Amino acid sequence: FQLYEHASTVPVKSYDRQKWQKGYQSLKQEFNYWIDDIEGEIPANLQGTLFRNGPGLLDINGQKIHHPFDGDGMICAFTFIDGKAYFQNRFVRTKGFVEEQKAGKILYRGVFGTQKPGGWLANAFDLRVKNIANTNVIYWGKKLLALWEAAEPHLLNPNNLATLGMEYFDRVLKEGDAFAAHPRIDPSCEWDDGKSRLVNFSIKPGLSTTITIYELNEAGKIVQRHAHSVPGFAFIHDFAITPNYCILFQNPVSFNPLPFVFGLQGAGQSIKFNPKEPTRIIIIPRHSNTAISGVKILETQAGFVFHHANAFEQDNEIYIDSVCYESLTTVDPKSDYQETDFDALSPGQLWRFVINLNEQTVRRQMLESRCCEFPWVHPGKVGRPHRYLYLGAAHAASGNAPLQAILKIDQVSGERQLWSAAPEGFVSEPVFVPAADAVNEDDGWILTLVYDSQHHRSNLAILDARNLHQNPVALLHLKHHIPYGLHGNFTPE
Ligand code: 3ON
Ligand code: FE
């Protein structure tokens, strides 16, 4: 009996690692076609384009890259017109991509451990940065921009995804300047006549770190730029905004440049998490008329945050919901990312941090313990109190696992809705698109790419955000797979 009882409590895995791995194969071909293999029906009033970015190559002519975050950026576009969908994918023609494709071999080191062949001697003292343009893509001010946080944006043609060059915003950026991959769009900027603004940041790390904030108007022009120095090294991937503030998390990490400089490992692998030090929350006013004058830094428990869901101000406090890990997992130079032991890693979990500026305190509370990543809210709620949150999530309620489900959290009722693609499917970031005639905050669709490991191809799932757990409204079958990606945005234009 004991044996039987034991067996029944051992959870059956919702995924097979060998099947999960197959989603990390390069897609070398570039396509454009009308999607004709569709289950269900594309809503007729879903009009516009979903752009998304991610590593398209996991090898350079057979030479494996060390980690997907080092993969060359490949843009996918799904254009919805009158109930039909057109698909395109195209690599960003970065300098490094063009050179490496021509040479047929790895010519650049990557931040996450990709090395040129030939051992450490061949890599030592090569501190060049390959701008791989692989993290996000956004249409703003009539420009389609491919983003990678350690260098300048690439400008693309929104119609055919051709690379047009670098974007310097009327020379406000200088060659090699960073521009983060996580811009936020303030849907109505109080001191810009309620017009929308794109707010972004850049990081220049060192013994102290310079954080620069950029605000772009609807025409795509940088109308505000301010730089601030904070003590210590910082690795900051994302941030959040409210009408008055930018909020950045300086996770407790330190950087030892020597193994990177001497060719032993990538810069990102030389970042170490310090669990005994606090996370610092950096609050930067967006204009001069706020409750605080200048930058404020508050402390909370150690943790590592890549992504924030949203922030807002309420009763003189700042709320920020973020996906937090117990620590930062470093990418081991000897390890193979495809052999990741999910059970050995701590999951990302959703936390709420409440920052009291008057009392200079931070309190935090876990909102969701299920393993999750890639948080999204309604674009009209950015910087404002939101009711609903959408995340990629694990199929199982506990433990660390690949993302196979989309989770909707109702922060008013506490209700959860889960749509799962397990056991064969693996999801990506859920992009929320409001319906044109929306009344409620969840009137709209969730768009997510699902890798179908059984057929080795990807599908775009269109889910009704009001009833997320139901079958997709439409499932668009592509003719091929798309490697697991990072971020994207929908534009109704
Ligand atoms: O001093 C430098 C500061 C800096 C900005 C150090 C540095 C060279 C490491 C650096 C550059 C950082 C870069 C280029 C970061 C790029 C990150 C990236 C491409 C992706 C990050 C993704 C994060 C997450 C959480 C993805 C999760 C994915 C899943 C759960 C599904 O597969
Ligand atoms: Fe990100």
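If you check GLY263 against the conditions, is it within 12 Å of ligand 1 (Cβ to nearest atom), open to solvent by less than 20 Å² (accessible area, probe 1.4 Å) and among the small types (Gly, Ala, Ser)? Spell out the reasoning first.
Numbers: within 12 Å of ligand 1 (Cβ to nearest atom): no; open to solvent by less than 20 Å² (accessible area, probe 1.4 Å): yes; among the small types (Gly, Ala, Ser): yes.
For GLY263, the condition - within 12 Å of ligand 1 (Cβ to nearest atom), open to solvent by less than 20 Å² (accessible area, probe 1.4 Å) and among the small types (Gly, Ala, Ser) - is not met.
Sort out which residues of the range 170-202 are open to solvent by less than 40 Å² (accessible area, probe 1.4 Å), within 23 Å of the chain's Cα centre (by Cα), more than 16 Å from ligand 1 (Cβ to nearest atom) and of a type outside the set (Gly, Ala, Ser), and write them in order of number.
ARG184, ASP186, ARG197, LEU198, VAL199, listed by residue number.
Tally up the residues in the range 227-282 that are aromatic (Phe, Trp, Tyr), under 21 Å from THR330 (Cα atoms), away from ligand 2 (no atom under 16 Å from the Cβ) and touching a strand residue (DSSP E or B) at 6+ places or on another chain (Cβ under 6 Å), please.
Of the residues in that region, 3 qualify.
Just give me the residues in the range 356-369 being in a loop (DSSP other than H, G, I, E, B) and surrounded by 17 or more Cβ atoms within 10 Å (Cβ to Cβ), in sequence order.
Hit for the range 356-369 is LEU357, nothing else.
Which one of the conditions (1) under 15 Å from ARG363 (Cα atoms); (2) buried (at least 20 other Cβ atoms within 10 Å of the Cβ) does ALA302 fail to meet, given that it meets all the rest?
Just one mismatch for ALA302, condition (2).
What pairs come up if the first residue lies in the range 231-244 and is within 13 Å of ligand 1 (Cβ to nearest atom), the second is in a loop (DSSP other than H, G, I, E, B) and open to solvent by 10 Å² or more (accessible area, probe 1.4 Å), and their beta carbons are under 6 Å apart, counting only those six or more places apart or on different chains?
Partner pairs satisfying both residue conditions: PHE233/PRO205; ALA234/PRO205; ASP238/HIS182.
Conditions (1) under 26 Å from TYR388 (Cβ atoms); (2) within 15 Å of ligand 1 (Cβ to nearest atom), marked per residue:
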| residue | (1), (2) |
| --- | --- |
| ALA311 | yes, no |
| ILE320 | yes, no |
| THR340 | no, yes |
| GLN349 | yes, yes |
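Looking at CYS324 and the list (1) touching a residue at least 60 places away in the same chain (Cβ under 8 Å); (2) assigned to a strand (DSSP E or B); (3) open to solvent by less than 30 Å² (accessible area, probe 1.4 Å), which single condition is not satisfied?
(1)
List the number of the failed condition for THR212; all other conditions in (1) closer than 22 Å to LYS381 by Cβ; (2) surrounded by 18 or more Cβ atoms within 10 Å (Cβ to Cβ); (3) without any contact (Cβ under 8 Å) to a residue 24 or more places away in the chain; (4) among the polar types (S, T, N, Q) hold.
So THR212 meets the others, but not (1).
Restricting to the range 155-195, give me the number of residues that are in a loop (DSSP other than H, G, I, E, B), touching a residue at least 12 places away in the same chain (Cβ under 8 Å) and of a type outside the set (Phe, Trp, Tyr).
Number satisfying all stated conditions: 22.
Only residues that are in contact with a Pro (Cβ under 8 Å, 6 or more places away or on another chain) and of a type in the set (Ser, Thr, Tyr): list them for the range 221-269, please.
TYR245
Could you list, in sequence order, all residues of the range 106-116 that are within 15 Å of ligand 1 (Cβ to nearest atom), over 17 Å from the mean Cα position of the chain (by Cα) and touching a residue at least 40 places away in the same chain (Cβ under 8 Å)?
Filtering the range 106-116 down to residues within 15 Å of ligand 1 (Cβ to nearest atom) leaves 108-115.
Pick out the ones that are also over 17 Å from the mean Cα position of the chain (by Cα) and you get 108-110, 113-115.
Selection gives ARG109, GLY110, GLY113, THR114, GLN115.
Among ASN289, ASN256, ASN274, ASN316, which is the only one that is surrounded by fewer than 18 Cβ atoms within 10 Å (Cβ to Cβ), under 26 Å from ASN200 (Cβ atoms) and over 23 Å from the mean Cα position of the chain (by Cα)? Before the answer, list the steps.
On the way: ASN256 fails: under 26 Å from ASN200 (Cβ atoms); ASN274 fails: under 26 Å from ASN200 (Cβ atoms); ASN316 fails: under 26 Å from ASN200 (Cβ atoms).
Unique residue meeting the criteria: ASN289.
Where residues in the range 117-139 are in contact (Cβ under 8 Å) with a residue 60 or more places away in the chain and part of a loop (DSSP other than H, G, I, E, B), which of them is nearest to ligand 2 (Cβ to nearest atom)?
Among them, the one singled out is THR135.
Among the candidates LYS13, LYS28, which residue alone is open to solvent by 20 Å² or more (accessible area, probe 1.4 Å), closer than 25 Å to ALA422 by Cβ and assigned to a loop (DSSP other than H, G, I, E, B)?
Of LYS13, LYS28, the one residue that is open to solvent by 20 Å² or more (accessible area, probe 1.4 Å), closer than 25 Å to ALA422 by Cβ and assigned to a loop (DSSP other than H, G, I, E, B) is LYS13.
Checking the condition more than 15 Å from ligand 1 (Cβ to nearest atom) and touching a helix residue (DSSP H, G or I) at 6+ places or on another chain (Cβ under 8 Å), which residue from ASP315, ASP332 passes?
Details: ASP315 fails: touching a helix residue (DSSP H, G or I) at 6+ places or on another chain (Cβ under 8 Å).
After applying the criteria, what remains is ASP332.
So ALA219 clears everything in (1) buried (at least 21 other Cβ atoms within 10 Å of the Cβ); (2) out of contact with any Phe, Trp or Tyr (no Cβ under 7 Å at 6 or more places or on another chain) except one condition, right? Which one?
Condition (1) is where ALA219 drops out.
Which one of PHE306, PHE353, PHE312 is out of contact with any Phe, Trp or Tyr (no Cβ under 7 Å at 6 or more places or on another chain), assigned to a strand (DSSP E or B), away from ligand 2 (no atom under 16 Å from the Cβ) and at pLDDT 95 or above?
None of the others qualify; the one that does is PHE353.
Which pairs do you get when a residue that is more than 18 Å from TRP445 (Cα to Cα) and open to solvent by 10 Å² or more (accessible area, probe 1.4 Å), found in the range 397-411, comes within reach of a residue that is among the hydrophobic types (A, V, I, L, M, F, W, C) and outside any loop (DSSP other than H, G, I, E, B), reach meaning Cβ atoms under 6 angstrom, with the pair 6+ apart or on two chains?
Cβ pairs passing all conditions: ASN400/PHE342; ALA401/PHE342; LEU403/VAL427.
The values are calculated or read from the model by the stated rules, or taken from the named source; none is laboratory data. As the structure is a computational prediction, the values presented were derived from the model and not from experiment. Every residue, glycine among them, receives a Cβ derived from its backbone with ideal geometry; neighbour counts consider all protein chains shown. Surface areas here come from the heavy atoms of the whole protein model, side chains and all, with no ligands, DNA or RNA. Shrake-Rupley method; radii C 1.70, N 1.55, O 1.52, S 1.80 Å.
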